[in-house]
1. Please work out if LEU50 is over 13 Å from the mean Cα position of the chain (by Cα) and modelled with pLDDT of 80 or more.
2. Restricted to segment 1-26, and to residues that are surrounded by 10 or more Cβ atoms within 10 Å (Cβ to Cβ) and under 11 Å from the mean Cα position of the chain (by Cα), which residue is modelled with the lowest pLDDT?
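The values are calculated or read from the model by the stated rules, or taken from the named source; none is laboratory data. Quick caveat: nothing in here was measured; it's all calculated off a predicted structure. Here the Cβ is made from the backbone with ideal geometry for all residues, glycine too, and neighbour counts use every protein chain on show.
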Amino acid sequence: MGKYQLDYKGQASVQKFHEKNSTGKSDKQKKLDEIKANYLNKKKKSGKSL
């Protein structure tokens, strides 16, 4: 085993830490929100309900 290997609980906490402190995640979320907004606008224009 390596010096810095973590159990699953430790891995989850490290992953949460990196998600909070990373800037790439927010860019991905913005892109998803933009795609979702475009999709909803297309649905509204076509007159079909979700």
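1. Taking the combined requirement at face value, the residue does not satisfy it.
2. So the residue we want is LYS25.
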